[in-house]
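The values are calculated or read from the model by the stated rules, or taken from the named source; none is laboratory data. A quick note: this is a predicted structure, and the numbers were derived from the prediction, not measured. Neighbour counts run over all protein chains shown; Cβ positions are idealised from the backbone, glycine included.
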Amino acid sequence: MEETHRFVSVPSPTGNEAAFAQCYAETLSGMGLETIIDEEFKGSPSVIGRLRGTGGGPTLQLDGHTDTVPVSHGESSIDFDLGVVRGRGAADMKGGLACICEAIRALTESRVRPRGDVLVTAHGLHEAPLGDQRTIRSLLRRGVAGDAAVIAELGHDHLAIASRGMSIYRIQVHRAGTSMHEVELRERISNPTSAVRLLLDRLEQRAADLERQNDDFVGPETLFVGEVRSGDFYNRVPVNAEIVGTRRYRPPTTKEDVLQEFEALCATVAAQTGLVVTSSLQEVGPAYALDHSEPVIAAVRSSYQDVVGGDLPLASAQAVGNAADFAAYGVPAVYHGVNQTTAHSDDEHVTGADLARAARVLAGSIVHFCGADADEEMR
């Protein structure tokens, strides 16, 4: 709990993670890991740590993001009586990063020595819309990767091995001219809000169509409207309007497929209204699904059984993380960390019991995946 609280006490909103990256690097280095700070992206350095194995085993990568959503939160706190750490990033995902440290600390302080290396990567620029995953993608592109990875977030009572992709769409409507008083509006001039009405009707219908096309494991594709903007005064005819939301999709749907879908919608509404209607798409993460036979799956499930004494069911992550980025570079990745129910909320917190459970599962996962030389089992 203390380490999680220490991490939470160092603010790291997306794009400003340098101070926490330094804190995390010093923590890994102090535990005996070979540690470097990668300064490729200004203000958002990545931390790379490696615990050398005794040889002969595969490398397991433990990964997490250092940034938090740039939303204010009450002062961070630790309550030993209740066993709770509160503050921005406690659940998403500095608690998970602390669990990685504790898992490795358990290994280094015991007589258990993994045969394969343990590679730790921590990176910023994750949380959308400012975060675009360029940090982790750059590391993977340069070969900073294990044979498999466990990302310490999104799953605590299940093992996430798939997820829908997600893109932020932006539909913009524009008419020629300048804003005018409503009484000057002529029939030949289209009001951008008329296009918004048509767009919203069609988006709602498309969302309903997608909801009916369910997948028992991954869930349905979705289309969500989160922002609608137009005008600057109650009796002025606006020049522009904008709709922003999310589109989540499962394999084999891609960002390109979704972009074509929005472009066709915009073309239809533009033809009906005579307005300029365009769309753009920012991909937060592509869809992915991991083969159930991957050894990392068995490693984490076996460790969970050892620690908790129950089965760890396979599931699809509901949020978007970085597993798809790993998969794009041939690294099978799963999600498992602390309970993130309160992530991004006004009362973000994590419990000490959950931190201990996650750390033990991660430590056992290293042993199961990398192999180990030990005189006794980890307890």
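Under the condition of being among the charged types (D, E, K, R) and over 24 Å from residue 200 (Cα atoms), the residues counted in the range 172-185 number 1.
When you go through 116, 146 one by one, which is the residue that is part of a loop (DSSP other than H, G, I, E, B), surrounded by fewer than 24 Cβ atoms within 10 Å (Cβ to Cβ) and either in contact with a strand residue (DSSP E or B) (Cβ under 7 Å, 6 or more places away or on another chain) or modelled with pLDDT of 95 or more (or both)?
Working: 146 fails: surrounded by fewer than 24 Cβ atoms within 10 Å (Cβ to Cβ).
It is 116.
Somewhere in the range 176-186, is a residue more than 29 Å from residue 227 (Cα to Cα) and surrounded by fewer than 16 Cβ atoms within 10 Å (Cβ to Cβ)? The answer is no; no qualifying residue exists.
For residue 167, are the conditions met, namely being surrounded by fewer than 16 Cβ atoms within 10 Å (Cβ to Cβ), in contact with a strand residue (DSSP E or B) (Cβ under 8 Å, 6 or more places away or on another chain) and touching a residue at least 40 places away in the same chain (Cβ under 8 Å)? Criteria not met by residue 167. Just one of the listed residues (35, 54, 4) is assigned to a loop (DSSP other than H, G, I, E, B), at negative phi and polar (S, T, N, Q), and it is 54. Residues in the range 180-200 that are among the charged types (D, E, K, R) and assigned to a loop (DSSP other than H, G, I, E, B): 186, 187, 188. Contact annotation: no residue pair with Cβ atoms under 6 Å, 6 or more positions apart or on different chains, pairs a residue in the range 42-71 that is outside the structural domain of residue 140 (by TED's automatic domain parsing) with a partner that is buried (at least 20 other Cβ atoms within 10 Å of the Cβ) and assigned to a loop (DSSP other than H, G, I, E, B).
For the structure I just gave you, tell me whether residue 14 is among the β-branched types (Val, Ile, Thr), within 17 Å of the chain's Cα centre (by Cα) and assigned by TED's automatic domain parsing to the domain that holds residue 119. Yes.
Looking at the structure I just gave you, is residue 54 modelled with pLDDT of 95 or more and polar (S, T, N, Q)? No: the conditions fail for residue 54. Pairs linking a residue in the range 189-208 that is closer than 19 Å to residue 179 by Cβ to a residue that is in a helix (DSSP H, G or I), with Cβ atoms under 7 Å and 6 or more positions apart or on different chains, are 190/273; 194/273; 195/269; 195/273.
Within the range 307-318, the presence of at least one residue that is part of a helix (DSSP H, G or I) and in contact (Cβ under 8 Å) with a residue 24 or more places away in the chain is confirmed.
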